[in-house]
Every structure is written in structure tokens, then in C-alpha cells.
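Notes to accompany the following structure.
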Amino acid sequence: MGYFDAIQGVFSLVIVIVIGFWLTRIEWFDEKTSEMFAKLVINITIPAMMLQNMVAYFDIGEILHLGIGLMAILAGIVSNYYLALLMAGVFRIPREERGVFASMAALSNTIFMGLPVNIAIFGEVSIPYALTYFIVNTAVFWTLGVYGIRKDVDPGQRFNLSTIKKLITPPLVGFILAIVVVVSGISIPRIVDDTTRMLGGITTPVSAFYIGTVFFYLSRRKITLDYRILLASIGKIILSPLIVYFFLSFTDLSPLMKNVFIIQASMPVMTQLVIVSKAYGANEELAALGALVTTGLSLMTIPLYMWLFNM
């Protein structure tokens, strides 16, 4: 896909996000609709898309490469998280905000923003790579990320293994099932293939509508930009993809896989961070502002990264 074709694909996605924003503004969509969109994508369309595309585009060799990519992503995200904690100490971010701050800088909105963006740029062949990043990103969030958020509220907090249960998500189950199907050489019946293709096909527009609704509600908050948001935005939009790029440079992964991972690393603050911060009594406002600002910035930086890495 040419550069200008990819740009048009990204802006097509932006148009659908804007439509979702407008439909929320005129009250066709509301917060319950937003929750339904999120549940639909995570529990139904993503597992279907994973199964359909892994079978269509992957073989055993590709899966072995995914393992190498997974380790590089993990190293990049964890390194970025601890770099953010170091930044928080150097720039004197309040201790009761450092867990939220580190998650803002290191963890990406890989599904509702990252997946449709990668499809717009690279096509459906990028889906397994994008979802591989999502799985690692999710694992770090529900372990290291949640531990840090809880520690903001309770400094004596110790790592709680109960969060491990949250890693068993429908997308992960779909990922494992798809690997089993590919490795075993099982032939999927046409009815299953057609059904998963149909369900997976609605992932991008539903994700874009979801981002539009979230963006609308975030935009209604009082926006006060300060050094915390600036530092988190630099960490998320600039340092995160550069760190992932550094670890990927030591691998012989395909250019497409590397580019997808870099784009995922440059995605904005994950919206789940806002929800979890509120649930644990951490600084939800900081997370919400970070999500809003980095989402806006990413619409400008995505074309830059496409050009910079010769995509």
C-alpha cells in the first residue's frame, strides 16, 4: 500500500470516529452504548477476527516468528514502564500518581485505536501482529500496571495474583485456539469461516464508534494541561515507539511485523486505564486527560511515523 493510500485509510477511520462523536452528541449513542460497543468488540468480534485471519495468513513459521516478536514487545513495554517511573521521580510527579503516570506512558490503546489504524495502513494481513501486541500490552496492564495503580492508593500494596485471572480474556482464548488450528492443520468448515469473517468485519467501524463516544465524554471534562500530561504524552507518543524499535532492531522479524508493533507502541493512552483508575480510587482525572490529549496527538503523529519508518 502506498503512503498516500495509507493516509487516506487513516483519515477514513478518523471520519468514522467523528461520526461516532457526533452521534453521541445528538444522543443517538450514550454511555451504555459505549459499554455495549466495548463488550461486543472484546468478547465477540476480536476472537472471531483472530481465528479467521490467523488461519488465512499464518503458518507454523510465522507463529515461531510471533514468539520472537512477543519477547521484543514485552521487553520494550516493561522497559518503557520503568523509564516512566524514573521520569516520575526525576520530575517529582506526586507519589500517589506515579502508577497511573507510568501506565499512561507505557501502555497503548491497542484495540479500539491501534487495531483499526493498522488495518487502515497495512490491511487485514496486519491483524495477527496487532493482536499479538494487544495480548502483551494487556498482560502488562493487568499485572504490573494494576499493581502500580493500586500502590498509588495504598503504598504498602503487594503484588496480587488475583489479577492474573483477568488475563484469560476472549481475545487470548481466540489467539490460542487459532494457533492450535494452524499448527494442527485443521480445516475450518466454510460456515465457521464465513461466520468469523462476518463478525470480524465489523470490528473496525464499531471500534471507531467506541472511540468517538469516549472522545465525546472526555471532551466534556475540564481540561487543565500541565507538566504531568506533557511528560506522559512524550513518553507515550515518542519514547514508547522508539524503545520498542530499539528492541526490534535486534531481531530479524519481517518489516511488516516491526512496523505494526511500532505503530501499536505509538498509540494513545489506553481507555481501560481511566476505568481501572476510577475503580481503585487513583487519579482518574489524570488518566482521562492523558487519553484525550494523546488521542488527539496520535492523529498527527501516525502519518509522521508512517513516513519516518518508510511504511
Hits in segment 180-200 - residues which are surrounded by 15 or more Cβ atoms within 10 Å (Cβ to Cβ) and not β-branched (Val, Ile, Thr) = Asp193, Arg197, Leu199, Gly200
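Can you tell me how many residues within segment 183-229 are over 30 Å from Gly61 (Cβ atoms), of a type in the set (Gly, Ala, Ser) and modelled with pLDDT of 80 or more?
Just the residues of segment 183-229 that are over 30 Å from Gly61 (Cβ atoms), to begin with: 202, 205-206, 208-229.
Among the residues that remain, those that are also of a type in the set (Gly, Ala, Ser) are: 208, 212, 219.
Subsequent filtering for residues that are modelled with pLDDT of 80 or more retains 208, 212.
Number satisfying all stated conditions: 2.
If I ask for residues that are exposed (fewer than 11 other Cβ atoms within 10 Å of the Cβ) and either modelled with pLDDT of 85 or more or of a type outside the set (A, V, I, L, M, F, W, C) (or both), which ones from segment 155-179 would you list? Steps first, answer last, please.
Going residue by residue through segment 155-179, those that are exposed (fewer than 11 other Cβ atoms within 10 Å of the Cβ) are 155-156, 158, 161-162, 165, 168.
Residues satisfying the conditions are Pro155, Gly156, Arg158, Ser162, Lys165.
Taking Thr295, is it in contact with a His (Cβ under 9 Å, 6 or more places away or on another chain) and of a type in the set (Val, Ile, Thr)?
On the way: in contact with a His (Cβ under 9 Å, 6 or more places away or on another chain): no; of a type in the set (Val, Ile, Thr): yes.
Taking the combined requirement at face value, the residue does not satisfy it.
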Please determine, by comparing only the residues of segment 29-50 that are under 14 Å from Ile211 (Cβ atoms) and of a type in the set (S, T, N, Q), which one is modelled with the highest pLDDT.
-> Thr33
Inside segment 29-51, can you point out the residues that are over 20 Å from the mean Cα position of the chain (by Cα) and of a type outside the set (Val, Ile, Thr)?
-> Phe29, Asp30, Glu31, Lys32
Scan segment 104-128 for residues that are farther than 17 Å from Gly201 by Cα and over 12 Å from the mean Cα position of the chain (by Cα) and jot them down.
-> Ala105
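I want to confirm something. Restricting to segment 1-28 and keeping residues that are aromatic (Phe, Trp, Tyr), more than 13 Å from Phe122 (Cα to Cα) and under 23 Å from the mean Cα position of the chain (by Cα), which single residue is modelled with the highest pLDDT? First the steps, then the outcome.
Quick first cut of segment 1-28, residues aromatic (Phe, Trp, Tyr) only: 3-4, 11, 21-22, 28.
Pick out the ones that are also more than 13 Å from Phe122 (Cα to Cα) and you get 11, 21-22, 28.
Imposing the further condition that a residue be under 23 Å from the mean Cα position of the chain (by Cα) reduces the set to 11, 21.
Working: Phe11: 76, Phe21: 92.
Ranking the candidates gives Phe21 first.
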So which pairs qualify, if the first residue must be in segment 284-307 and at pLDDT 80 or above, the second must be buried (at least 22 other Cβ atoms within 10 Å of the Cβ) and not in a helix (DSSP H, G or I), the Cβ gap must be under 6 Å, and the two must be at least 6 apart or on different chains?
-> Gly290/Val269; Ala291/Val269; Ala291/Thr271; Thr294/Pro268; Thr294/Val269; Thr295/Pro268; Ser298/Pro268
Does Met54 meet the test of being under 22 Å from the mean Cα position of the chain (by Cα), within 30 Å of Asp152 (Cα to Cα) and of a type in the set (A, V, I, L, M)?
-> no
If you check every pair at least six apart or on different chains, which have Cβ atoms under 6 Å apart with a residue in segment 229-254 that is under 22 Å from Thr132 (Cα atoms) first and a residue that is among the charged types (D, E, K, R) and in a helix (DSSP H, G or I) second?
-> Leu248/Lys258
Residue count for segment 230-272, restricted to those that are hydroxyl-bearing (Ser, Thr, Tyr), under 16 Å from the mean Cα position of the chain (by Cα) and either farther than 27 Å from Ala88 by Cα or modelled with pLDDT of 90 or more (or both) | 3
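The values are calculated or read from the model by the stated rules, or taken from the named source; none is laboratory data. Since this is a predicted model, take the numbers as computed values, not measurements. Methodologically, a virtual Cβ is constructed for each residue, glycine included, from the backbone with ideal geometry; neighbour enumeration extends over all protein chains shown.
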